[in-house]
Structures are given as C-alpha cells and as structure tokens.
1. Please state which of the following conditions GLN54 fails to meet, knowing it meets all the rest: (1) at pLDDT below 90; (2) surrounded by 15 or more Cβ atoms within 10 Å (Cβ to Cβ).
2. Taking ASP39, is it modelled with pLDDT of 90 or more, of a type in the set (D, E, K, R) and surrounded by fewer than 10 Cβ atoms within 10 Å (Cβ to Cβ)?
3. Residues to consider are ASN65, ASN11, ASN45; find the one that is touching a Lys or Arg at 6+ places or on another chain (Cβ under 7 Å) and not small (Gly, Ala, Ser).
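The values are calculated or read from the model by the stated rules, or taken from the named source; none is laboratory data. These numbers come from a predicted model, not from an experiment. Neighbour counts are summed over all protein chains in view; Cβ atoms, including those assigned to glycine, are modelled from backbone coordinates with ideal geometry.
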Amino acid sequence: MRRIYSILVENRSGVLCKVAGLFWRRCFNIESIVVGETDDKSVSNMIIVSSGDQRTLEQIEKQLNKKLDVIKVKTFNETESINRELLLVKIKYNRTNRRDIMENCDIMGA
C-alpha cells in the first residue's frame, strides 16, 4: 500500500534532515520526497511518498505529528491524488532531425 504525505513544516535549516531521519531510524522507506517553499516564507511543504502495510503507514503519520517542526500532516492514498511524472531531455538539434523531433513531441504531447 502506498501513501502520500503532505507535510507543512517550519522553513529553517535541518528540518528536512529531521523528517528524513525519522523515516531512516524506523526503517521506513521513502520512495519520493519533494520540498518547496510556500507563499508564507516561514513555511515549507514536503511531499513524501512511502509504502508499507496499514499499521506502518499509520505509525509514520503519528510520528510525523509528534515532530516539533511539523505544523500539519495530510495523508492521501493513490485514489485521492493525481500523480504525474516529468522527464527533461536534452536533444542535439540540426536541420535534418527537426522533423523527427517534432513528430516525437507531438506523439508525447510535449
């Protein structure tokens, strides 16, 4: 079972390390982690994807809520969220391969 955690945390140094350390100390796996500043410069939003059994995922949420730097934790399962992946590709361009590049972009919706 996979769960997505949206965590509002205080925006200061060391908070990411503390949250990631919580997962590491308890042997919880982080599949993905993204951190970004919110409109309020004193708050950051962490998105962490983790998987495990129901008990493990509930334990993660309880442990996150105990952290002093954590303001709020929201959880989502796969049916409650929209997942999108992004791929950045650097392509060598010349006049002879332009048509192929554009055809591939059209196919992929880029």
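1. The failed condition is (2).
2. For ASP39, the condition - modelled with pLDDT of 90 or more, of a type in the set (D, E, K, R) and surrounded by fewer than 10 Cβ atoms within 10 Å (Cβ to Cβ) - is met.
3. ASN11
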